[in-house]
There are 2 protein chains.
Amino acid sequence: MNIGDIAKATGISAKMIRYYEETGLIRPATRALSGYRVYSDNDLQTLRFVRRARDLGFTVKQIDDLLTLWRDRTRASASVKEIALGHVAALAKKMQELKEMSDTLLHLASHCHGDTRPDCPILTTLGSTEAVAALPRTRNRSKTRAFDRVR
Amino acid sequence: MNIGDIAKATGISAKMIRYYEETGLIRPATRALSGYRVYSDNDLQTLRFVRRARDLGFTVKQIDDLLTLWRDRTRASASVKEIALGHVAALAKKMQELKEMSDTLLHLASHCHGDTRPDCPILTTLGSTEAVAALPRTRNRSKTRAFDRVR
DNA sequence: GCTTGACCTTCCAACGATGGGAAGGCGCAG
DNA sequence: CTGCGCCTTCCCATCGTTGGAAGGTCAAGC
């Protein structure tokens, strides 16, 4: 199988498959005489694993860890469960953060007429000199980053 | 006020303040003879606005829009409300996605002993050749990107 | 006046995961 | 042989943010 076939079969773009290989997440594919990457059913299985883990929101680093555990037939299931539950906790935390943002916005919006009049408490609150109690205080600013934003 | 003072006062790093200036989110600061950026109370207020909007998870582009509306005293409050509620909807969608991931993981983890035995349904499910019904099928794969992952 | 250290400046690179595109090679059907 | 679709590598862009290097400025202490 060529990279395009694998891409279709897994739903991962050829670009990403090459990237995963380059960064060491997956083993370099064997090459045909032409230089084309050739994939086995085993590779297909691995990439499906990657795809599913990716869909569950794991980072590549975490997927790397999971793959290692997957390949290690002697590992304890506790190790796997630990990673999974750690991820669940991270997801919960993130949801909580999003919920706080949402609640604050809904609160502000509920006081906004939403008509043609210019005054709007959303903006005046954001712009006020005073610290606003209603605003979530993201203490760990350093950990809430660009890619955490919702677009 | 120098950039360091403003950074402390707003909680935005000096680096980011320069970046915001470079990308046009905020007006270029006036300069002292030394070349140092000098900030007014007005700038402070603007940056506080940025900081709060950022804490609410708005992207820089959205903050730009909000700033424009903020500065425009004749704008309709409906425009602001629309942006805010649009963001609320995006937050809800993201939370839903995270919840699906979390539910799936919890389901898988509940069937894992979590002891020293090696067999673990989390891994076998991820690695199985069969498509797994329990796994969320992220149809809009193209829209779930790297920065959407939770770390 | 000179040194020291804390600040400031610009520039360049990296992160993570992904997409886009160029320039060129390969495979197969007509 | 030509054409088309696939493959290859390489570089660039995204988004928000941090880090560092190399150098200029300022204020305090000696």
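Couple of notes before you dig in:
- Of all residues in region A:2-17 being out of contact with any helix residue (DSSP H, G or I) (no Cβ under 7 Å at 6 or more places or on another chain) and not basic (K, R), the one that is nearest to DNA strand C (Cβ to nearest atom): A:M16
- Residue in region B:95-116 that is among the small types (G, A, S), within 30 Å of A:A109 (Cα to Cα), surrounded by fewer than 18 Cβ atoms within 10 Å (Cβ to Cβ) and out of contact with any strand residue (DSSP E or B) (no Cβ under 8 Å at 6 or more places or on another chain) present: no
- Residue in region B:87-95 that is part of a loop (DSSP other than H, G, I, E, B), out of contact with any His (no Cβ under 7 Å at 6 or more places or on another chain), among the aliphatic types (A, V, I, L, M) and not assigned by TED's automatic domain parsing to the domain that holds B:G24 present: no
- Residue match in region A:98-121 (condition: assigned to a loop (DSSP other than H, G, I, E, B), more than 16 Å from DNA strand D (Cβ to nearest atom) and more than 8 Å from every other protein chain (Cβ to nearest Cβ)): yes
- Region B:32-82, subset more than 9 Å from chain A (Cβ to nearest Cβ), within 16 Å of DNA strand D (Cβ to nearest atom) and among the small types (G, A, S), residue surrounded by the fewest Cβ atoms within 10 Å (Cβ to Cβ): B:G35
- Pairing each residue of region A:4-31 that is under 20 Å from B:G127 (Cα atoms) and without any contact (Cβ under 8 Å) to a residue 60 or more places away in the chain with any residue that is aromatic (F, W, Y) and away from DNA strand C (no atom under 11 Å from the Cβ), provided the two are 6+ apart or on different chains, yields C-beta distances under 6 Å for A:I6/A:Y39; A:A29/A:Y39.
The values are calculated or read from the model by the stated rules, or taken from the named source; none is laboratory data. Small disclaimer: the values here were computed from a predicted structure and weren't measured. Ideal geometry is used to build each Cβ from the backbone, glycine not excepted, and the neighbour counts take in all protein chains shown.
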